[in-house]
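Inspection log for the structure reproduced underneath, given as structure tokens.
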Amino acid sequence: MPPKWPSAFQPDVVREAFGERLTTYVLAVEAWRRGLTVSIRDARLRRVHISDSSGRTIRFIQSRPHLTTLKAHATAKNKHRSNELMAAAGLPVPRSVLIDTATVTLEKLVELADGIGYPVVLKPVDGAMGQGVFSNIPDSETLTTRFEQLRQSHSSSQLVMESHVPGDDYRILVFGGTYIAACLRVPANITGDGSSTVQELIDAKNLHRRKNPFLSKGLIKPDREITDYLQHHGYDLNSVPAEGEYIQLRGAANASAGGDVIDVTDQIPQHIQDAAVEAVKAVPGLHCAGVDVLYEGPGSEGEGRYAFLELNSQPQIGVNMYPTEGAGVDAPRKIIDVCFPESRRSDEKTDEQLCLNLRPALEIISSGHAGEVMMPPLPPSRYRSRLVYTFADPSTLTPRVKNRILRASREQHVAGFIKIRRGSPELMVAGTETQVSAFASTVHSISGIEPRDPRRWKGAVAAGFSIQN
């Protein structure tokens, strides 16, 4: 069964923000649709300010609100320190030690691992997105090999070694003391079909991931770790696995490293939901976090056991919105509900296709002409009437004609575009019925081209009007 993603944030609506822009963009769109004031603060779309009519403003850096203090953010990034605070709060965590890569000897490293007990996990103290994480290290020989790899490839001067906790890898999203969503993360993998090579199977899986608004930035990229996992199975990239054979490619389950995502928001036991909220509270000043937890679910040998691993104070909420299996959670709605409880989302289905016109705003900031751009509010029409027309002959669309059409779109308060689609020019106009009809007539009088064959437009609608060459 294909995954089901939030109806208000389908791929065509978030197309401009696939990848790293996604989190900030969906929060901005949700707020803008509600009539809140949205101000974009940088050309990378990492910072956005959202305000209501009372003047209450929340400043976001991606998903992190200014309500999270800088000290809390730094504490959460330090995996050893956050482990200590969660342990002090009585929450289950792995045994953990901090290692200075410049001073520790291999003998001391092995001694520390013996004290914790194998298998162990080795990772940078401030790493992100699963980079540099080696889990389930079984012995001293493998440990020293992984340690040397990290010391040579990672800039961090400190590593964390911790006990390997059994269980599946879950990410729980908590915002403002509220449980928002949860997903099961599965390490990067392939399943053989009896005819394709490992590389071909990876390429085919990446093709599907590119269509996912979040996973498109987390493709499976063969590296040393993947090579090692393949060798463990007796394979390399040119091998042909048997039909139905499942091959794990990495140890860490991060989606950004090629892992799969399964929504389990409604399956996480209430006591673990509550414990995740307490884990965030364990770090003073932490308002939002992606809580990583290993949990042995129903049917497993250690059923019910769990341990918290890390707190990500700036989580990518797309992982909860766009799973590879299950129904994605409408996280932007829940987060803006917490931030601005007096605001309401419209029940109009047509609003689900409304999106921000990012490019002009980001270009203005990037050019240095402005430090921020306030997005124009939605008009009363909310662009509910939407028609698309075809053109018989685009040859009269000279630069002068295009400029006149753009000026008319602003004067008549319509949204839309003119573009070449499947070899034919199209005009899409959105506004009230009267505005749409009047603008089509205006285009005819300006250009001499008669828009014809009107039909209802079902795609995304961005504020503003553009003409694409």
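The values are calculated or read from the model by the stated rules, or taken from the named source; none is laboratory data. Fair warning: this is a prediction, and the values are worked out from it, not measured in the lab. Cβ sites come from the backbone with ideal geometry, for glycine too, and all protein chains shown count toward neighbours.
Observations on the structure shown:
- Subset of the range 140-183 (residues that are closer than 24 Å to residue 229 by Cα, under 26 Å from the mean Cα position of the chain (by Cα) and in a loop (DSSP other than H, G, I, E, B)): 154, 167
- Residue identified as of a type in the set (Ser, Thr, Tyr) and over 26 Å from the mean Cα position of the chain (by Cα) among 68, 57, 101: 101
- Pair list, Cβ under 6 Å, 6 or more apart: the range 433-460 residue in the same structural domain as residue 396 (by TED's automatic domain parsing) and in contact (Cβ under 8 Å) with a residue 12 or more places away in the chain, other residue acidic (Asp, Glu) and buried (at least 19 other Cβ atoms within 10 Å of the Cβ): none
- Every pair of residues 6+ apart whose Cβ atoms lie under 8 Å, when the first sits in the range 101-117 and is over 20 Å from residue 136 (Cβ atoms) while the second is of a type in the set (Lys, Arg): 101/151
- The residues on offer are 342, 348, and the sole one that is surrounded by fewer than 16 Cβ atoms within 10 Å (Cβ to Cβ) and under 24 Å from residue 58 (Cβ atoms) is 342.
- Taken together, the criteria place residue 429 among residues that are touching a residue at least 24 places away in the same chain (Cβ under 8 Å), outside the structural domain of residue 358 (by TED's automatic domain parsing) and over 17 Å from residue 356 (Cβ atoms).
For (1) within 19 Å of residue 213 (Cβ to Cβ); (2) buried (at least 18 other Cβ atoms within 10 Å of the Cβ); (3) touching a Gly at 6+ places or on another chain (Cβ under 7 Å); (4) not acidic (Asp, Glu), each residue gets a yes or a no:
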{"position": "14", "(1), (2), (3), (4)": "yes, yes, no, yes"}
{"position": "24", "(1), (2), (3), (4)": "yes, yes, no, yes"}
{"position": "28", "(1), (2), (3), (4)": "yes, yes, no, yes"}
{"position": "32", "(1), (2), (3), (4)": "yes, yes, no, yes"}
{"position": "45", "(1), (2), (3), (4)": "yes, yes, no, yes"}
{"position": "79", "(1), (2), (3), (4)": "no, yes, no, yes"}
{"position": "87", "(1), (2), (3), (4)": "no, no, no, yes"}
{"position": "102", "(1), (2), (3), (4)": "no, no, no, yes"}
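- Condition check for residue 298 on (1) under 15 Å from the mean Cα position of the chain (by Cα); (2) not in a strand (DSSP E or B): one failure, at (1).
- Note on the range 258-291: residues that are surrounded by 23 or more Cβ atoms within 10 Å (Cβ to Cβ) and assigned to a strand (DSSP E or B) total 6.
- Qualifying residue in the range 349-362 (condition: in contact with a Cys (Cβ under 7 Å, 6 or more places away or on another chain) and either under 30 Å from residue 207 (Cα atoms) or of a type in the set (Phe, Trp, Tyr) (or both)): no
- Residues located in the range 74-100, provided they are touching a strand residue (DSSP E or B) at 6+ places or on another chain (Cβ under 7 Å) and in a helix (DSSP H, G or I): 76, 79, 80, 82, 83, 86
- Hey, residue 82 in contact (Cβ under 8 Å) with a residue 12 or more places away in the chain, within 25 Å of residue 281 (Cα to Cα) and among the hydroxyl-bearing types (Ser, Thr, Tyr) or not: yes
- Selected residue (only one of 332, 341 is more than 23 Å from residue 214 (Cβ to Cβ), out of contact with any Cys (no Cβ under 7 Å at 6 or more places or on another chain) and either assigned to a loop (DSSP other than H, G, I, E, B) or touching a residue at least 60 places away in the same chain (Cβ under 8 Å) (or both)): 341
- Total residues in the range 101-127 satisfying the condition of being hydrophobic (A, V, I, L, M, F, W, C), farther than 20 Å from residue 282 by Cα and in a loop (DSSP other than H, G, I, E, B): the figure is 2.
- Scanning the range 432-469 for residues that are in a strand (DSSP E or B), out of contact with any helix residue (DSSP H, G or I) (no Cβ under 7 Å at 6 or more places or on another chain) and of a type outside the set (A, V, I, L, M), we see that the one that is nearest to residue 26 (Cα to Cα) is 466.
- Selection of the range 435-459 for residues being surrounded by fewer than 18 Cβ atoms within 10 Å (Cβ to Cβ) and under 38 Å from the mean Cα position of the chain (by Cα) yields 454, 455, 456, 458, 459.
- In the set 153, 216, 163, 157, only one residue is modelled with pLDDT under 95 and in contact with a Phe, Trp or Tyr (Cβ under 6 Å, 6 or more places away or on another chain); that residue is 216.
- Here residue 369 meets the list (1) part of a loop (DSSP other than H, G, I, E, B); (2) not hydroxyl-bearing (Ser, Thr, Tyr); (3) not assigned by TED's automatic domain parsing to the domain that holds residue 29 almost entirely, failing just condition (3).
- Checked against (1) touching a Leu at 6+ places or on another chain (Cβ under 8 Å); (2) in a helix (DSSP H, G or I), residue 418 passes all but a single condition, namely (2).
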